[in-house]
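See below for the structure under consideration.
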Amino acid sequence: MRLILLGPPGAGKGTQAEKIVADHRIVQLSTGDMLRAAVAAGTAVGQRAKAVMDRGELVSDEIVIDIIRDRLSKPDTSKGFILDGFPRTVAQAEALDKLLGTLKIPLDAIIELRVDDEVLLDRIKTRIKENPGSVRADDNPETLKKRLEVYHKQTAPVAAYYEKTKRLSKVDGMVSKDQVAAAIARTLKAKAKPERVR
Ligand code: AMP
């Protein structure tokens, strides 16, 4: 099973990805997590990315495409993977299509979690109130507004890119976590073709 989870920051991609990973025994490839690890490790990429991430802007296509190319060459991705937070620009989506084409590994599903901006802002405010210790540096209402702006400008066209070729499945992300998980499971089941060898 190979899939992309698209959706705005705070839509629940990470939470849903965790469940899909456990159910399908595949790996989660989160460019955000990989970049945060690079920042924590103080690598050259991490040093370049930190300020950009703190501002809620996007790291360069070149950096994230390199990270993903590298990650997809690791053997643990052979049973399947879920891309979380990538692609975030049309250029990244095009690069991914090219890369997967070269590697001859087609995607099974591209799922967009749809959540309205007001709901995302409410969610982040609740999270800060209920669990102030666990929020990330870029998880505050101000940076979220910036990240949402960036999302609408640069990442929403990615959903349109996949929709154009009828590859996009839309899931309502504004219902309970379990309901979202059930809707994703239904989508994946419908996409799974028994005759396809994985
Ligand atoms: P995330 O954890 O997916 O919300 O990502 C956190 C931050 O990492 C984003 O706000 C961006 O600054 C950066 N980032 C993660 N993935 C990408 C990507 N595919 N392209 C550009 N920047 C990214």
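Tell me the carbon and sulfur percent of the accessible area for the chain, rounded to whole percent, probe radius 1.4 Å.
Numbers: 5740 of 10840 Å².
Carbon with sulfur: 53 percent of the solvent-accessible area.
What whole-number value in cubic angstrom gives the convex hull volume per residue for the C-alpha atoms of segment 112-198? Walk me through the intermediate numbers first.
Values: hull volume 12.2 nm³, N = 87.
Taking only Cα atoms, segment 112-198 has a hull volume of 140 Å³ per residue.
Between S176 and E149, what's the calculated FRET efficiency when r is the beta-carbon distance and R0 is 35 Å? Round to 0.05.
According to the calculation, E is roughly 0.80.
At 7 Å along Cα-to-Cβ for each site, give me the label-to-label distance between R127 and D76 in nm.
With each label point 7 Å from Cα toward Cβ, the separation is 2.3 nm.
Could you work out Rg/(2.2 N^0.38 Å) for segment 1-122, with Rg from alpha carbons only?
Numbers: Rg = 14.4 Å, N = 122, 2.2 N^0.38 = 13.7 Å.
Here the Cα radius of gyration is 1.05 times the empirical estimate.
Given points 7 Å out from each Cα along the Cα-Cβ axis, report the D97 to V52 separation in nanometres with one decimal.
Calculated label separation equals 2.3 nm.
Nothing charged except the Cβ atoms of Lys and Arg (+1) and of Asp and Glu (-1): what's the magnitude of the dipole of segment 1-108 about its Cα centre? Round to the nearest 20 debye. Intermediate results must be reported in sequence, preceding the final value.
Values: 15 positive and 14 negative charges, 38 e Å.
Charge dipole, segment 1-108, about its Cα centre: 180 debye, nearest 20.
Quick one: what are the phi-derived ³J(HN,Hα) couplings along segment 8-22, Karplus 6.51/-1.76/1.60 with θ = phi - 60°, whole Hz, x for glycine and proline?
Computed from phi, the couplings for segment 8-22 are x, x, x, 6, x, 4, x, 4, 5, 4, 4, 5, 5, 4, 5 Hz.
Report the per residue volume, in Å³, of the convex hull enclosing the C-alpha atoms of segment 1-58. Don't skip to the end; give the middle numbers.
Working: hull volume 5.6 nm³, N = 58.
That works out to 96 Å³ per residue.
Given a 1.4 Å probe, how much area per residue of segment 75-189 is accessible, in Å²? Write out the running numbers ahead of the final one.
Numbers: 6440 Å² over 115 residues.
Here the per-residue accessible area is 56 Å².
Given axes a ≥ b ≥ c from the Cα gyration tensor, I'd like to know whether segment 42-198 is rounded (a/c under 1.5), prolate (a/b larger than b/c) or oblate. Mind dumping the intermediate values first?
Numbers: a/c = 1.80, a/b = 1.22, b/c = 1.47.
Because a/c hits 1.5 or more and a/b fails to exceed b/c, segment 42-198 counts as oblate.
To the nearest 20 debye, what charge dipole does segment 74-198 have about its Cα centre, counting +1 at the Cβ of each Lys and Arg and -1 at the Cβ of each Asp and Glu? Spell out each step's value before the answer.
On the way: 26 positive and 19 negative charges, 107 e Å.
Using only the charged Cβ atoms, the result is roughly 520 debye.
Amide H neighbours of K170 under 5 Å, at least 5 residues apart or on other chains, H built in the peptide plane: list them.
E112
Amide H of R2 versus every other amide H placed in the peptide plane: which residues, excluding those fewer than 5 positions away on the same chain, fall under 5 Å?
F81, D108, A109
Taking θ as phi - 60°, what are the ³J(HN,Hα) couplings along segment 61-69 by the Karplus curve (6.51, -1.76, 1.60), each to the nearest whole Hz, with x for Gly and Pro?
So the J values, rounded to whole Hz, are 3, 4, 5, 6, 5, 4, 4, 5, 4.
GNM on the chain, C-alpha springs below 10 Å: top fluctuator among D70, D172, D97?
Greatest mean-square fluctuation among the candidates belongs to D70.
What number comes out for accessible area per residue over segment 1-70 if the probe is 1.4 Å? Units Å², please. Intermediate values should be presented prior to the final figure.
Details: 3250 Å² over 70 residues.
On a per-residue basis, segment 1-70 sits at 46 Å².
Taking θ as phi - 60°, what are the ³J(HN,Hα) couplings along segment 157-168 by the Karplus curve (6.51, -1.76, 1.60), each to the nearest whole Hz, with x for Gly and Pro?
Running phi through 6.51 cos²θ - 1.76 cosθ + 1.60 with θ = phi - 60° gives x, 5, 4, 4, 4, 7, 5, 4, 9, 6, 9, 8 Hz.
Per DSSP H run of n ≥ 4, the term is -39500 (n - 2.57); total these for the chain, divide by its residue number, and report the mean residue ellipticity at 222 nm rounded to 500 deg cm²/dmol.
Working: 9 runs with 109 residues, N = 198.
Rounded to the nearest 500, the figure is -17000 deg cm²/dmol.
Would you mind calculating the gained length between E18 and R136 on full extension (0.36 nm times residue separation, minus the Cα-Cα distance), in nm to one decimal? Before the final figure, lay out the partial values.
On the way: separation 118, 0.36 × 118 = 42.48 nm, distance 1.83 nm.
40.6 nm is the gain from fully extending E18 to R136.
The values are calculated or read from the model by the stated rules, or taken from the named source; none is laboratory data. Quick caveat, the model's predicted, so the values are computed rather than measured. Counting neighbours? That spans all protein chains shown, and the Cβs are built from the backbone with ideal geometry, glycine included. Ligands, DNA and RNA are stripped out before the accessible areas are found, and what is left, the full protein with its side chains, is counted by its heavy atoms. Shrake-Rupley method; radii C 1.70, N 1.55, O 1.52, S 1.80 Å.
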